[in-house]
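Single-structure report; data block below.
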Amino acid sequence: MKVTFIGGGNMASAIIGGLVSRGTSAGDVRVVEPFAPQRERLAARFAGIGVHSVSGATAVAGADLVVFAVKPQQMREAAVALAPHIDAVPLVLTIAAGVRCADLSRWLGGYRRIVRAMPNTPALVGAGISALYAAPESRDASEAAARVLEACGEVTWCERERDLDAVTAVSGSGPAYVFYFLEALEQAAIELGLPAGEARRLAYATFEGSMRLARASSDPPATLRANVTSKGGTTARALDVLNAENVAAHFIAAVKAAAARATELGDEHSKAR
């Protein structure tokens, strides 16, 4: 499969790395990247890759898939530049947060074979998860988009495009929630007198081990939590503090706020003509 990336930043680099590690020839990948030092880094890392400074017919000629991997605020400009050359491309995949299929289609001059995805930053280490939505005109060919994103993690499909706003709030923003928790757990360990290095090691290993345990179990998180919470014990005392402050309710409200902001951003992009 020949793939052209519009944008050669961290996420594009992660996906390209995953594709190459799974057997895709670097010669089948092209990247449009205006920043010269980044083009040089890509060419050095992936010998044989095609790099271009601007979008054009040469960049997408023969491509089976074009992936928009630019920042949302750059999407309109990038799409308009590519619009005259897009008709022959079988499928477009966009990973730009908040940019809806209808708006990308409009900027591409009416092109409709679009799959929209929301990946997350663990894709940088091959451990991401991406949710995808296929516009009706693209569903027969949409598995090509899934194969690209599977190169850097798991994939799941959304039946409705609006569900991507919830995905953005849960898994797109989710790594920040995890890091927030790790930061607090590490700081608590330090304030309890543990050396900083040991505090971080304990926090990271505890989180990683807990996730391995959760994945190995068929029990829901509530049961797993109950299994490690003895009545009157240390864990119960800690959870009493969290429950007294309604931490779970506040956290759920925070995720819902992120989803609402994702919808707002989509509305803002829709106004860009």
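The values are calculated or read from the model by the stated rules, or taken from the named source; none is laboratory data. Everything quoted here is computed from the prediction, not taken from an experiment. Here the Cβ is made from the backbone with ideal geometry for all residues, glycine too, and neighbour counts use every protein chain on show. All accessible areas refer to the heavy atoms of the entire protein, side chains included, with ligands and DNA or RNA removed. Shrake-Rupley method; radii C 1.70, N 1.55, O 1.52, S 1.80 Å.
The table for this structure:
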item: LEU213 being modelled with pLDDT under 95 and surrounded by 12 or more Cβ atoms within 10 Å (Cβ to Cβ); result: no
item: Residue within region 237-256 that is in contact with a Leu (Cβ under 9 Å, 6 or more places away or on another chain) and in contact (Cβ under 8 Å) with a residue 40 or more places away in the chain present; result: no
item: Considering residues of region 112-167 that are basic (Lys, Arg) and in a helix (DSSP H, G or I) only, the residue farthest from GLY23 (Cα to Cα); result: ARG139
item: Number of the condition not met by SER218 [criteria: (1) open to solvent by less than 90 Å² (accessible area, probe 1.4 Å); (2) of a type in the set (Ser, Thr, Tyr); (3) under 31 Å from the mean Cα position of the chain (by Cα)]; result: (1)
item: Selection within region 57-88 - without any contact (Cβ under 8 Å) to a residue 40 or more places away in the chain and more than 22 Å from the chain's Cα centre (by Cα); result: ALA57, THR58, ALA61, VAL80, ALA81, ALA83, PRO84, HIS85, ILE86, ASP87, ALA88
item: Contacts under 9 angstrom Cβ, first residue in region 151-169 being acidic (Asp, Glu), partner part of a loop (DSSP other than H, G, I, E, B) and open to solvent by 20 Å² or more (accessible area, probe 1.4 Å), 6 or more apart; result: GLU154/ALA127; GLU161/ARG100
